[in-house]
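Student: So that we are looking at the same thing, I have put the structure below in structure tokens.
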Amino acid sequence: MIDETFVLGKVGALFLRLVKERGALAAPVDPVQFASSCGVLNIEYRRMIPEAVLTAVEDGFIVYLQDNFILPNRNKLRERFSLAHELAHTFFYDRSQEVPKPMKGSPRGEKLERLCHLAASEILIPSPLLKKELEKRGKVESAEALLAVAAHFDVSLEVLMRKLHESRLFQEEEFAAVLVDSVAGKQTIRTACYGSILLCNTARPKRGADFNSWVLPLVPPTGDPGDTVWKHATKTALISARKIRRSNRTFILDLHFSPPPPGAPMGSAEKS
Ligand SMILES: [Zn+2]
């Protein structure tokens with residue numbers, strides 16, 4: 001069965017081999033060091049529209065990366081993720097052939113891309129290293145902690161948040177975070193990490209959903225989704241919310257949940 005276990009097993013094997021050859025795996029993880037184990041003969045920059053492409057050639061693969069990645073203001077985080085993602089695509093090839101061929105029964109389309117994303121985030125944020133880092137830091141329960149862990153692994157906040165959400169390695173009964181983009185005056189959810197306490201209070205924060213309608217149940221009746229700080233007592237929690245601006249277009253909604261005070265009023269908003 002070619003599923004999550006298959007790809008995570010492949011990544012685990014890459015780690016084992018690296019540890020044998022070089023002694024240790026440490027953050028930030030450079031995906032280039034796994035290229036040869038994946039059969040990648042060369043990594044080349046090309047002027048092209050996709051960010052990265054994997055091509056099977058005689059005896060292995062070539063990875064082409066978009067030449068924007070060699071510009072001085074290149075997006076290094078995206079380049080690292082793109083390369084890790086293309087390395088994951090090699091897992092789905094039969095390399096016993098002279099020119100590797102797609103493996104029989106390997107998934108296609110969205111499912112394949114999803115598995116390659118999963119593998120890429122495991123390559124850049126190896127679960128054993130993530131666990132160690134979180135133990136060292138204690139609780140991860142603030143946007144600031146997320147930013148520090150993302151910097152430690154040299155990954156985007158989006159990649160880290162997805163990884164934390166999937167691995168459930170954060171304080172999900174006390175904390176949730178939602179990454180929000182503003183495009184053309186519309187605020188949409190990009191990604192989130194959360195547990196059941198958030199879902200007791202509002203809908204699942206789906207990618208692409210309109211932020212202002214999604215957040216309404218978390219805002220007190222006297223408040224406004226545009227506020228930057230507020231508190232709201234619901235039946236299940238006292239919610240403390242803060243928006244942490246990352247750029248003109250992006251902010252993190254940092255949510256804290258504590259037990260609701262008995263007989264608490266239904267929230268108060270602090271206008272920004
Ligand atoms: Zn892909």
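Student: Please work out whether the range 129-270 counts as rounded, prolate or oblate from its C-alpha gyration tensor, where a ≥ b ≥ c are the square roots of the eigenvalues and a/c under 1.5 means rounded, while otherwise a/b larger than b/c means prolate and anything else oblate?
Tutor: Oblate shape, in that a/c is at least 1.5 and b/c is the bigger or equal ratio.
Student: May I pose another question? Using the Karplus curve 6.51 cos²θ - 1.76 cosθ + 1.60 with θ = phi - 60°, what ³J(HN,Hα) values do you get for each residue of the range 164-181, in whole Hz, with x for Gly and Pro?
Tutor: 5, 4, 5, 8, 6, 9, 10, 7, 6, 8, 10, 9, 8, 9, 10, 9, 10, 9
Student: Also, quick follow-up: Cα-Cα pairs above 24 Å in the chain: how many percent?
Tutor: 55
Student: Taking square-rooted eigenvalues a ≥ b ≥ c of the alpha carbon gyration tensor, is the range 4-124 rounded, prolate or oblate, where a/c under 1.5 means rounded and, failing that, a/b exceeding b/c means prolate?
Tutor: rounded
Student: Using amide H atoms built in the peptide plane, which far-off residues or other-chain residues are under 5 Å from Leu238 H to H?
Tutor: Here the answer is Ser258, since their amide H atoms fall under 5 Å of that of Leu238.
Student: Determine the dipole magnitude for the chain: charges of +1 sit on the beta-carbon of Lys and Arg, -1 on that of Asp and Glu, nothing else is charged, the reference point is the Cα centre, and the result goes in debye to the nearest 20.
Tutor: 280
Student: Out of residues 5 or more away from Phe175 or on other chains, whose amide H comes under 5 Å of its own, with H placed 1.01 Å from N in the peptide plane?
Tutor: Excluding prolines and chain starts, which carry no amide H, the hits are Phe257.
Student: Can you sort Glu113, Glu44, Glu51 from fewest to most other Cβ atoms within 10 Å of each residue's own Cβ?
Tutor: Placing the least packed residue first, the sequence is Glu44, Glu113, Glu51.
Student: Oh, and also: Projecting each Cα onto the charge dipole of the chain (Lys/Arg +1, Asp/Glu -1 at the beta carbon, about the Cα centre), which of Leu179, Ala88, His165 comes out farthest on the positive side?
Tutor: Value: Leu179.
Student: So what is the relative contact order of the range 129-270, in percent, for Cα pairs below 8 Å that sit 6 or more residues apart?
Tutor: 21 percent.
Student: Please list, or write none, the lysines whose alpha carbon is within less than 16 Å of the alpha carbon of Lys111, excluding same-chain residues fewer than 8 places away.
Tutor: none
Student: Would you work out which of Asn42, Ala120, Ile62 lies farthest towards the positive end of the dipole of the range 32-137, given +1 charges on the beta-carbon of Lys and Arg and -1 on that of Asp and Glu, about the Cα centre?
Tutor: Comparing the listed Cα positions along the dipole, Ala120 ranks first.
Student: Mean separation of Cα pairs under 8 Å and 6+ residues apart, divided by the residue count of the chain: what relative contact order is that in percent?
Tutor: This gives 13 percent for the chain.
Student: To the nearest 20 debye, what is the magnitude of the charge dipole of the range 129-270 about its Cα centre, counting +1 on the Cβ of each Lys and Arg and -1 on the Cβ of each Asp and Glu?
Tutor: 280
Student: Using the charge dipole of the range 194-252 (Lys, Arg: +1 at Cβ; Asp, Glu: -1 at Cβ; taken about the Cα centre), state which of Pro225, Ile197, Ser247 has its Cα farthest towards the positive end.
Tutor: Result: Ser247, furthest along the dipole toward the positive end.
Student: Hey, what did the range 40-197 get for relative contact order, percent, Cα under 8 Å, at least 6 apart?
Tutor: 15
Student: Please order Leu238, Leu160, Leu16, Leu65 by the number of other Cβ within 10 Å, starting at the fewest.
Tutor: Listing Leu238, Leu160, Leu16, Leu65 from fewest to most nearby Cβ atoms yields Leu16, Leu238, Leu65, Leu160.
Student: Still on this structure: So which aspartates and glutamates can Lys139 reach, going by Cα to Cα under 14 Å and dropping same-chain residues fewer than 8 places off?
Tutor: List returned: Glu172, Glu173, Glu174.
Student: May I pose another question? Looking at this model, which pairs from Lys136/Lys186; Lys10/Lys104; Lys131/Lys231; Lys20/Lys163 are more than 28 angstrom apart at the alpha-carbon?
Tutor: Distance filter (> 28 Å) returns Lys136/Lys186; Lys131/Lys231.
Student: What does the charge dipole of the range 56-147 about its Cα centre add up to, to the nearest 20 debye, if the Cβ of each Lys and Arg holds +1 and the Cβ of each Asp and Glu holds -1?
Tutor: Here the range 56-147 has a charge dipole of around 320 debye.
Since every read-out is calculated from the coordinates, none of them should be taken as a lab result. None of these values were measured; they are calculated from a predicted model. Cβ: placed from backbone, ideal geometry, glycine included. Neighbour counts: every protein chain shown.
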